[in-house]
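Below: one structure, written as structure tokens.
The values are calculated or read from the model by the stated rules, or taken from the named source; none is laboratory data. Just so you know, these numbers come straight off a predicted model, no measurement behind them. In this analysis, Cβ positions are derived from the backbone assuming ideal geometry, glycine residues included, and neighbour counts consider all displayed protein chains.
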2 protein chains.
Amino acid sequence: MNYPNSIKKKPQKNEISYSNRGMDLEEELNISNEYYREIDKAYIYKKPTPIGVANVSYNMRGKVIEKGYFKEQSTLDYNGLYRGKYIEFEAKVTQNRTSFPLANIHEHQIKHIRNILRHQGIVFLIININNFVYLLKGSDFIDFIDTNERKSIPYPFFKEKGYLIKYGYRPTLDYLKIVDEIYF
Amino acid sequence: MNYPNSIKKKPQKNEISYSNRGMDLEEELNISNEYYREIDKAYIYKKPTPIGVANVSYNMRGKVIEKGYFKEQSTLDYNGLYRGKYIEFEAKVTQNRTSFPLANIHEHQIKHIRNILRHQGIVFLIININNFVYLLKGSDFIDFIDTNERKSIPYPFFKEKGYLIKYGYRPTLDYLKIVDEIYF
């Protein structure tokens, strides 16, 4: 049993926010992906959170969960198909202003990122830090882990290696523009 | 609210079954995919069934679902990465001996199959009919729909266009062997 949303706190009201209409990162990505589907650009979905079902009952309309628990995703949150390629990514928000704590990405997710890289999939992180949203390539993330003893990625690393995703009207977060630039 | 497992009945005991140890098709595919991951061959997962959460409570260990409903998958059940390619498929069992009722595949899933094909993903169905397991290419499935008024796919169509997946020890259902033959 886990606390899958515990680190996804919304920005504090007194902070300057560059994000759109107070939506959280997950919402912003969901509506961006919806827009990409509408214009037939990409088919990328957030995976449903896996549920452990403890008790069920039945009513006239079918099976009802009477007790259930949120389980941890062993892969990354979003995956799909873009320009013939497999794409997978994780989205995280940190309230930490100086670094991104690596505890946000679980050990089995790190292993999964390595697997996707080895099998030629496109894999990255989308991280909201200091209210800026960066795309960080999976390969740069793994390089950082493999060459550092640190428990967090300092903010300057995102400025150096990450790609800033700009907010827009539609899509809200045009992260595929960055994907086009760096993977194709 | 839906009945996601309503058509996945297990074979009757008095039928000759070619399936492994009485597992159902979903279990067979899950352990096959697990094996593929173990040997670092492919990263293909069953998507969790999406849940509509109606009530939650909190205990010391986190959020608990007190009432929830199974929702319908708008995509196909399994997706992932194989040999650098995006792969997605749906698995169905029919108890019907002479044909596969098209009602098993929802309208939005058919649309999704067309989208995946248009964007160069690998997409197919795995269907247990008459206790034989066939892989049917998404393109052949769509051709059937577009050129027929029928409400079901007759069994001879599977024998003609489908690819028989044989049962083995590990993996239980080596469907990637067929994928190798027809997509690479």
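Summary table below
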| quantity | calculated |
| --- | --- |
| Residue count, segment B:46-78 (criterion: within 27 Å of residue B:127 (Cβ to Cβ), more than 7 Å from chain A (Cβ to nearest Cβ) and modelled with pLDDT of 85 or more) | 4 |
| Candidate set: segment A:33-46, residues that are of a type in the set (Phe, Trp, Tyr) and not in a strand (DSSP E or B); chosen: the one nearest to residue A:176 (Cα to Cα) | A:36 |
| Residue selected from segment A:130-158 under the condition assigned to a helix (DSSP H, G or I) and among the charged types (D, E, K, R), by the criterion surrounded by the most Cβ atoms within 10 Å (Cβ to Cβ) | A:140 |
| For residue B:39: the one exception among (1) under 30 Å from residue B:170 (Cβ atoms); (2) crowded, with 16+ Cβ neighbours inside 10 Å; (3) of a type in the set (Val, Ile, Thr) | (2) |
| Selection status of residue B:165, free of Cβ contacts under 8 Å to residues at least 60 places away in the same chain, crowded, with 22+ Cβ neighbours inside 10 Å and within 14 Å of another protein chain (Cβ to nearest Cβ) | no |
| Top-ranked residue of segment A:47-60 - restricted to ones that are in a loop (DSSP other than H, G, I, E, B) and not hydrophobic (A, V, I, L, M, F, W, C), ranked as nearest to the chain's Cα centre (by Cα) | A:47 |
| Search result, residues across segment A:61-97 that are part of a strand (DSSP E or B), among the basic types (Lys, Arg) and over 16 Å from the mean Cα position of the chain (by Cα) | A:63, A:67, A:85 |
| Scan of segment B:159-180 for residues that are of a type outside the set (A, V, I, L, M), under 15 Å from the mean Cα position of the chain (by Cα) and in a helix (DSSP H, G or I), ordered by number | B:175 |
| Count of segment B:79-108 residues which are surrounded by fewer than 21 Cβ atoms within 10 Å (Cβ to Cβ), in contact (Cβ under 8 Å) with a residue 40 or more places away in the chain and either within 13 Å of another protein chain (Cβ to nearest Cβ) or among the acidic types (Asp, Glu) (or both) | 1 |
| Number of positions in segment A:154-178 that are out of contact with any strand residue (DSSP E or B) (no Cβ under 7 Å at 6 or more places or on another chain) and closer than 14 Å to residue A:140 by Cα | 4 |
| Restricting segment B:23-45 to residues that are acidic (Asp, Glu) and under 15 Å from the mean Cα position of the chain (by Cα), the residue that is nearest to the other protein chains (Cβ to nearest Cβ) | B:26 |
| Positions within segment A:62-76 being touching a residue at least 40 places away in the same chain (Cβ under 8 Å) and closer than 18 Å to residue A:107 by Cα, in sequence order | A:71, A:72, A:73, A:76 |
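Per-residue answers, yes or no, for (1) under 25 Å from residue B:27 (Cβ atoms); (2) modelled with pLDDT under 95; (3) touching a helix residue (DSSP H, G or I) at 6+ places or on another chain (Cβ under 9 Å); (4) among the small types (Gly, Ala, Ser):
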position: B:100; (1), (2), (3), (4): yes, no, yes, no
position: B:114; (1), (2), (3), (4): no, no, yes, no
position: B:117; (1), (2), (3), (4): no, no, yes, no
position: B:125; (1), (2), (3), (4): yes, no, yes, no
position: B:131; (1), (2), (3), (4): yes, yes, no, no
position: B:135; (1), (2), (3), (4): yes, no, yes, no
position: B:141; (1), (2), (3), (4): yes, no, yes, no
position: B:144; (1), (2), (3), (4): no, no, yes, no
